[in-house]
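Read through the structure below, which is laid out as structure tokens, and then see the notes.
Each value in this text was obtained by applying a stated rule to the coordinates, not by laboratory testing. Predicted model only: the values in this text are computed from it and were never measured. Every residue, glycine as well, gets a Cβ built from its backbone with ideal geometry; the counts of neighbours run over all protein chains shown.
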Amino acid sequence: MDSICSALAYARLKQSLGIPDVIAARAGNINARIDFILKKFAVEPPVFLSDVAPRVADVMQTEVVSVHADSSAYDALQIIAGKELRGLPVIDGDNHCLGLLSAFKLSHHLFPSREQAGGARQIVASLAAIVETFGGTVIAGQLSREPVDQVLMVAAMSLDTFSERMRRHEARRIILFVGDREDIQRRAIASGVQAIVLTGGLTVLESVLRAAGEAGVAVISSPHDTATTVLLARGGVRAGRMIEPFTSFSPDTALEIAREQAADSHSLVFPIINEKGFLAGIVTKSDFIKPIPRRLVLVDHNELSQAVSGADKVPILEILDHHRIGGFSSDSPILFWNNPVGSTCTLVALSFEQNGIPIPPDIAGLLMAGLISDTLNLTSPTATPTDKRILGILSGLARQDPAGLAEQIFAVGSPLLTMTAEDVIAADCKQYVDKGRRFTVSQIEELNFSHFADKQAGLVAGLEQHCHRAGLCFAALLVTDVNTQNSLLIASGEPEILQRINFPARDPHVWDLAGVVSRKKQLLPYILQCLT
């Protein structure tokens with residue numbers, strides 16, 4: 001109750017101070033009593049966050065520049081150059097990522113090594129894509145849109161040498177680039193080449209065009225000279241034919257894991273694929289050093305072992321707490337207010353006072369509930385004069401009688417009756433580390449112990465499982481009777497620790513703790529002494 005109510009109230013204070021993007025969050029479930037208070041004062045529960053560790057979604061680029069698999073390599077290169085990219089994803093019509101197209105891959109295609117230059121004239125592309133790439137105009141014939149093996153041949157030789165070279169290839173695969181050499185044009189048409197590209201915007205004789213039409217040879221005019229036209233023509237290859245394997249991540253991938261995998265990869269761009277298999281974004285290696293857009297304020301705890309998972313991987317700005325200081329350290333100075341009052345809600349109320357911000361009635365009600373719950377309506381030994389003064393102020397603001405509100409809170413939903421043993425242990429469970437040994441202490445409040453006997457065996461078994469599963473040396477549950485101000489202690493763990501508990505024992509795992517109601521001020525110091 002104290003944690004939930006102080007988180008909601010402190011978030012409201014921050015918002016009142018002009019920090020709109022502050023939200024209250026919780027790391028666990030709410031119980032029946034908390035739910036009652038939230039409904040009573042008409043406040044929504046904090047958002048649930050099981051893990052705040054940085055995710056790929058925190059740094060990925062959502063405005064993705066991509067290229068369709070049917071686009072030409074020339075178009076892809078223009079995008080890369082225009083956007084100053086190192087590569088881009090290649091997608092299909094359904095926005096599924098098929099692979100990556102890198103600037104290196106494109107440049108190697110356009111400018112092959114000397115050893116591979118001999119095969120540079122051969123590409124797989126459609127005639128239509130090739131013509132579109134160099135901005136050609138169709139003079140005669142039809143352009144196929146089916147990608148096939150093509151041979152780009154330049155007629156920069158004598159007719160006899162040209163004829164000899166042409167015989168080395170299948171004629172219907174040849175795209176001939178030639179100027180106004182009529183003899184070469186007619187020989188190519190007679191051989192049945194696929195297309196003739198007239199470079200430099202030169203004209204062609206009508207008789208040559210008729211011959212080309214009769215032979216089914218396409219004739220295209222290029223506005224560029226031969227060298228430029230052939231270079232551009234190589235860009236007609238489909239982008240989908242030049243894709244490379246890729247490493248991808250989901251938006252929920254832990255940033256730490258993604259960073260390690262990216263460091264071992266030669267890729268510079270990593271597609272982000274969502275749960276539906278669609279391209280949701282990209283991450284480049286430089287994105288991994290972006291600051292994480294999430295920071296924490298811890299209330300009612302200061303030990304990272306008690307904090308939400310991933311808290312050690314994001315910046316912590318503030319801590320408001322009234323428990324022992326558990327060895328917390330930070331890389332930079334933070335606001336750390338640790339005050340031995342009975343409730344963190346008291347600290348939040350004092351924060352409103354210090355900032356001169358009036359406490360709204362609904363927030364006053366929440367703060368009352370947290371204070372009453374944590375101090376058992378000021379009867380706990382943890383209660384201080386400050387708690388008493390603040391409770392009086394909150395009572396007037398919320399128009400609630402403390403005794404009446406306390407009765408309502410503790411009358412709601414007995415944890416022993418309404419929760420499983422596992423949920424009872426986890427509901428208000430704090431983990432501690434002392435001299436390298438980890439242990440947990442949970443606490444619930446009951447109006448009496450009438451239901452305890454029926455639940456005892458299940459609670460002992462639940463503690464044993466909790467202890468084993470979490471690798472703890474010791475786990476305890478304090479069941480407190482708010483009326484008699486007495487408690488029962490259930491514990492499981494290493495026998496040498498259990499043997500040191502010298503309270504009156506009901507059985508090997510249960511002890512009577514008369515007058516003990518505070519986990520923080522009474523039980524924890526005793527347990528630390530037993531461990532020592």
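The table below lists the values:
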item	result
Ratio Rg/Rh [Cα only; Rh per Kirkwood] for the range 417-531	0.92
Of (i) 24.0, 89; (ii) 37.8, 117; (iii) 23.0, 69, the label for Rg and Dmax of the Cα atoms in Å derived from the coordinates	(ii)
The range 228-303: GluC sites (Glu not before Pro) falling in loop per DSSP and having at most 14 other Cβ within 10 Å	275
Percent of beta bridges antiparallel (DSSP, the chain, rounded to nearest 5)	55 percent
Set of lysines with alpha-carbon distance to residue 455 below 22 Å, sequence-local pairs under 8 removed	430
Burial ranking of peptide ranges 398-408, 239-249 (average Cβ count within 10 Å, highest at the top)	239-249, 398-408
Alpha-carbon gyration tensor eigenvalues x 5, square-rooted, for the range 246-387, Å	43, 17, 14
Burial ranking of peptide ranges 224-237, 289-302 (average Cβ count within 10 Å, highest at the top)	224-237, 289-302
Reduced Cα scattering model of the range 480-525, Debye log10 I(q)/I(0), q = 0.17 Å⁻¹	-0.48
Least to most buried among 5, 530 (fewest other Cβ within 10 Å first)	530, 5
Reduced Cα scattering model of the range 136-222, Debye log10 I(q)/I(0), q = 0.15, 0.17, 0.24, 0.25 Å⁻¹	-0.47, -0.61, -1.28, -1.40
